[in-house]
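A short worksheet on the structure shown next.
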2 protein chains.
Amino acid sequence: MTDRRFDVTAIGNAIVDVIADAGDDFLDAQGMHKGGMRLIDEAEATRLYAAMGPAREESGGSAANTVAGLASLGQRAAFIGQLGTDQLGAIFSHDIRSLGVAFDTPAKDGIGATARCLILVTPDAQRTMNTFLGAAQMLGPEAVDAALIAESKILYLEGYLWDPEAPRLAMRKAIAAARSAGTRVAFTLSDSFVVDRHRDDLNALFDAGSIDILFANEDEALALTGASDFDSAITAIAARVPTAVVTRSVNGAVAVRSGERASVPAEPIERLVDTTGAGDLFAAGFLAGEARGLGLEASLRLGAIAAAEVIQHYGARPESNLRVLAGALLEA
Amino acid sequence: MTDRRFDVTAIGNAIVDVIADAGDDFLDAQGMHKGGMRLIDEAEATRLYAAMGPAREESGGSAANTVAGLASLGQRAAFIGQLGTDQLGAIFSHDIRSLGVAFDTPAKDGIGATARCLILVTPDAQRTMNTFLGAAQMLGPEAVDAALIAESKILYLEGYLWDPEAPRLAMRKAIAAARSAGTRVAFTLSDSFVVDRHRDDLNALFDAGSIDILFANEDEALALTGASDFDSAITAIAARVPTAVVTRSVNGAVAVRSGERASVPAEPIERLVDTTGAGDLFAAGFLAGEARGLGLEASLRLGAIAAAEVIQHYGARPESNLRVLAGALLEA
């Protein structure tokens, strides 16, 4: 597989983040659940934006953040996602391409505005997300190039996009292309609402052997398995997918593959600023390790290093060169 | 004057900043003069943007940053500036209004895209600016509401806008409105290119008694007066305008009024990150002091405090509450 053109091709929401500071009182007044993600329509996006404080705009999107992390780690990555033909779309395209990521999904007219995620960061560094999906949820199977998937070592799928119908069809097409080309398929559950709405569907996918690597955080792992504790949850997941990776925030992460179990503590940090992107960057580090064939423990450590970088500043994409931060791990 | 509705009404470029890190080699390859500002057309803006790394977008504009600083200091401010009818324009409007600044200039169709400033931040924290003015330079006299000026203690004019013709006419109209309403007029030279292109014009403005407070940095002061040293320059400026304020970067700032001369050192900082907005925020602090009638030295200190805050993080608008940082100075 070393001669494939890309290490990872990801399919995800093409989103611009709109990030503002907010107090707990603002979240309460808006009836928001701190730390959560909720989908909102355009009218609510407009209303909430008007109520928010001054913001900065940065490209985001869960899987797109992951490919940004992969690029920073020196991996070759491609991205598939749907934009509208507007200025926010132009910002997203510029940012991802300027990282050296291949991104060629044509923006489309008449399918709604480019997606945006209104992110409120509270003084405790937690982020509360309000996502207007707009054009992003109109990603259809025609956007998936089977040849691109076949030229990638790993296909990475963002669970958020399993919820709307068109992108789910696009991801099913991509999975089929991956299976016939010997491309490994990685999937992140993204959020427990995705699990709650698609549990049977997702389990069928796992049982069909369609997913090689599954990423979940602790909440999602419990939601998926119905287990009451972490160890039971990871055991249940590991029985269903060849490689299971579960992140546990300050408690580090665990991976299980073919009876092998590895775990890492969270990487020490100087100052927690904004947890946005922690899971996305953890996936970037882990996938970089997988693409290099480094083994579970080294891959987990790369994940922890990448996640630690992104939570020490505002925004969901790395600001430092992760390849330098990873140091000896990537010279192996 | 204490019953006026606004402390400061500012006229300036309505710009969104597009901020990216860059190495010195990138600046060299692009033939840019580090630390400078140059005007570029839309084609060059598109070309340069494609060559730049990933960016974050934040509302900017020199005088707009100043009113953001005034709002953070608890002053009542209004802004006049021209936007296009696009997403960047919506971002600018949202950000300035969410600070409590009155901003009612209608966005216009068919006059070009909303202005943007492509800012490259080098590792030494210097910012090199490439400005596409677009809609901003189409600000015309019809946008100036004489009643708004009459309800303001101070009218603040951004020198950058003295260069294009329509905004210069708008500013002349605003000056006339200010003079007849007893509103004080403050002007910032903005850049030595403005001085070089409009020296006679500006001197005529000063000699006509149209400007009460003039802001300049050291380069601009030397360019305006043709003096070879700082002391001669400030003496020459002080002979032409009632209040002269000259900033000197790490060497603090000096103000002269009616024979009184005051100076302050630069405020100590922990870490220099990005000098973007330093002059804009200095003006905010000084104008807040003037609006409160605090006197030269206290006004200079407020300027130094506001400038010190903004250079310790990326971006040109305050992230901390300047009113809190100013503390006892504002309780006087």
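The values are calculated or read from the model by the stated rules, or taken from the named source; none is laboratory data. These numbers were taken from a predicted model, which means no experiment stands behind them. We place every Cβ from the backbone using ideal geometry, glycine too, and count neighbours over all the protein chains shown.
Quick grid of which residues meet (1) of a type outside the set (Asp, Glu); (2) farther than 27 Å from B:Arg4 by Cβ:
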position: B:Asn130; (1), (2): yes, yes
position: B:Lys153; (1), (2): yes, no
position: B:Ala166; (1), (2): yes, yes
position: B:Asp212; (1), (2): no, no
position: B:Ala216; (1), (2): yes, no
position: B:Ala236; (1), (2): yes, yes
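Counting residues that are over 21 Å from B:His94 (Cα atoms), modelled with pLDDT of 95 or more and touching a helix residue (DSSP H, G or I) at 6+ places or on another chain (Cβ under 8 Å), which strands (runs of 3 or more DSSP E) fully inside the range A:1-44 reach at least 3? It would help to see each step written out before you state the result.
Working: elements: A:6-11, A:15-21, A:37-39.
Correct list: A:6-11.
If B:Leu302 satisfies every condition in (1) out of contact with any helix residue (DSSP H, G or I) (no Cβ under 7 Å at 6 or more places or on another chain); (2) crowded, with 20+ Cβ neighbours inside 10 Å; (3) within 12 Å of B:Glu267 (Cβ to Cβ) but one, which is the exception?
Among (1) out of contact with any helix residue (DSSP H, G or I) (no Cβ under 7 Å at 6 or more places or on another chain); (2) crowded, with 20+ Cβ neighbours inside 10 Å; (3) within 12 Å of B:Glu267 (Cβ to Cβ), B:Leu302 violates only (1).
Could you check the range B:45-90 and list, in sequence order, the residues that are more than 10 Å from chain A (Cβ to nearest Cβ) and charged (D, E, K, R)?
B:Arg47, B:Arg76, listed by residue number.
Could you tell me how many of the residues in the range A:91-140 are more than 14 Å from chain B (Cβ to nearest Cβ), under 19 Å from A:Val310 (Cβ atoms) and not in a strand (DSSP E or B)?
Of the residues in that region, 4 qualify.
Being surrounded by 17 or more Cβ atoms within 10 Å (Cβ to Cβ) and within 25 Å of B:Ser192 (Cβ to Cβ) is the filter here, so list the residues in the range B:40-51 that pass it. Break it down stepwise before answering.
Of all residues in the range B:40-51, those surrounded by 17 or more Cβ atoms within 10 Å (Cβ to Cβ) come to B:40, B:45, B:48-49.
B:Ile40, B:Ala45, B:Leu48 - these are the residues of the range B:40-51 that are surrounded by 17 or more Cβ atoms within 10 Å (Cβ to Cβ) and within 25 Å of B:Ser192 (Cβ to Cβ).
For the range A:1-40, how many residues meet the condition of being free of Cβ contacts under 8 Å to residues at least 12 places away in the same chain and charged (D, E, K, R)?
In the first step, residues of the range A:1-40 are kept if they are free of Cβ contacts under 8 Å to residues at least 12 places away in the same chain; the result is A:2-3, A:25, A:28-29, A:31.
Right, trim to charged (D, E, K, R) and you get A:3, A:25, A:28.
Qualifying residue count, the range A:1-40: 3.
Quick one: A:Ser180 ticks every box in (1) touching a Ser or Thr at 6+ places or on another chain (Cβ under 9 Å); (2) part of a helix (DSSP H, G or I); (3) surrounded by fewer than 23 Cβ atoms within 10 Å (Cβ to Cβ) bar one, so which box is it?
(1)
So, in the range A:109-132, how many residues would count as being out of contact with any Asp or Glu (no Cβ under 9 Å at 6 or more places or on another chain) and either under 15 Å from A:Asp41 (Cβ atoms) or of a type outside the set (Gly, Ala, Ser) (or both)?
In the first step, residues of the range A:109-132 are kept if they are out of contact with any Asp or Glu (no Cβ under 9 Å at 6 or more places or on another chain); the result is A:109-111, A:115, A:128, A:131.
If we keep only those that are either under 15 Å from A:Asp41 (Cβ atoms) or of a type outside the set (Gly, Ala, Ser) (or both) as well, we get A:109, A:111, A:115, A:128, A:131.
Residues in the range A:109-132 being out of contact with any Asp or Glu (no Cβ under 9 Å at 6 or more places or on another chain) and either under 15 Å from A:Asp41 (Cβ atoms) or of a type outside the set (Gly, Ala, Ser) (or both): 5 in total.
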